[in-house]
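Asks: Have a look at this one before I ask anything.
The values are calculated or read from the model by the stated rules, or taken from the named source; none is laboratory data. Note that the structure is a prediction, hence the values are computed from the model and not measured. We place every Cβ from the backbone using ideal geometry, glycine too, and count neighbours over all the protein chains shown.
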Amino acid sequence: MAIPRVAGPLLRAIAASTAWLQQAKVPAAVIGGVAASLLGRPRVTKDVDLIVLADDQDFSRLLLLGNQHGFAPRAADALEFAKLSRVLLLRHEPSGIEIDLSFAGRPFEREVIERAVERSVRGVSFRVATAEDIVVMKAIALRPRDIADIEGILVSGHALDLPRIRGYLKMFTEALETDDFSGEFERLLVRQRRNT
């Protein structure tokens with residue numbers, strides 16, 4: 001298997017965020033483009049997305065501790081924005097990398113953190129969401145890049161837990177009363193099977 005590629009500045013930001021969140025005793029997992037690149041086809045990404053398990057009243061302490069590791073808010077009202085959106089927008093000043101810290105609330109998001117697996121890239125160890133959980137998140141967002149990320153994961157040879165993916169996509173479709181999130185995933189799955 002090829003050594004996973006993560007650009008130097010991204011890896012420095014991940015190392016710093018891992019040290020920060022471990023010191024804060026806040027469980028976390030890397031999601032987004034970095035996770036999709038590690039689990040599927042390598043691709044360029046300019047930021048790091050993390051999902052964390054922390055209480056609302058812990059946001060200020062977390063930000064204060066993050067300052068010691070080189071993290072600064074990207075906006076003056078970052079804490080107010082985080083309380084409304086459940087996303088803390090940061091920049092790792094030493095590397096210049098932007099960090100989106102999403103706070104888990106739903107059971108699925110908590111499971112993403114619990115199920116995350118340890119990865120090591122060039123001596124930096126951190127937890128990454130599973131392939132199934134990244135597929136679910138990408139199938140809900142479903143931008144062109146998300147579709148490409150799902151395709152990359154499907155062709156990478158993971159033994160995916162399809163009932164988990166389908167179950168969550170069905171649940172989110174019903175809960176949000178929206179288009180069927182499963183439809184595009186099933187089309188991508190059929191296409192991948194035809195090509196193998």
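Asks: Run R164 past the list (1) surrounded by fewer than 19 Cβ atoms within 10 Å (Cβ to Cβ); (2) of a type in the set (D, E, K, R); (3) within 16 Å of the chain's Cα centre (by Cα); (4) modelled with pLDDT of 95 or more and report the number of the one that doesn't hold.
Replies: (3)
Asks: Then there is this: Inspect the range 26-48 for any residue being touching a helix residue (DSSP H, G or I) at 6+ places or on another chain (Cβ under 7 Å), closer than 30 Å to Q192 by Cβ and among the polar types (S, T, N, Q) and give the result as yes or no.
Replies: The answer is yes; a qualifying residue exists.
Asks: I'm trying to understand the selection: among the residues of the range 8-22, which are within 19 Å of P73 (Cα to Cα) and of a type outside the set (A, V, I, L, M, F, W, C)?
Replies: P9, R12, S17, T18
Asks: Could you list all residues from the range 51-76 that are outside any helix (DSSP H, G or I), charged (D, E, K, R) and modelled with pLDDT under 95?
Replies: D55, the sole residue that qualifies.
Asks: Pick from the range 83-94 the residues that are closer than 11 Å to D56 by Cα and over 17 Å from the mean Cα position of the chain (by Cα): which of them is surrounded by the most Cβ atoms within 10 Å (Cβ to Cβ)?
Replies: K83
Asks: Moving on to the next point. Find all pairs meeting these conditions: Cβ atoms under 9 angstrom apart; at least six residues apart or on different chains; first residue within the range 84-109 and touching a residue at least 24 places away in the same chain (Cβ under 8 Å) and over 19 Å from K138 (Cα atoms); second residue surrounded by fewer than 20 Cβ atoms within 10 Å (Cβ to Cβ) and aromatic (F, W, Y).
Replies: Sorted first by the residue in the range 84-109, then by its partner, the pairs are L88/F59; L88/F81.
Asks: Can you pull out the residues in the range 103-154 that are among the small types (G, A, S) and closer than 23 Å to T178 by Cα?
Replies: Listed by number, the residues that qualify are A104, G105, A139, A141, A148.
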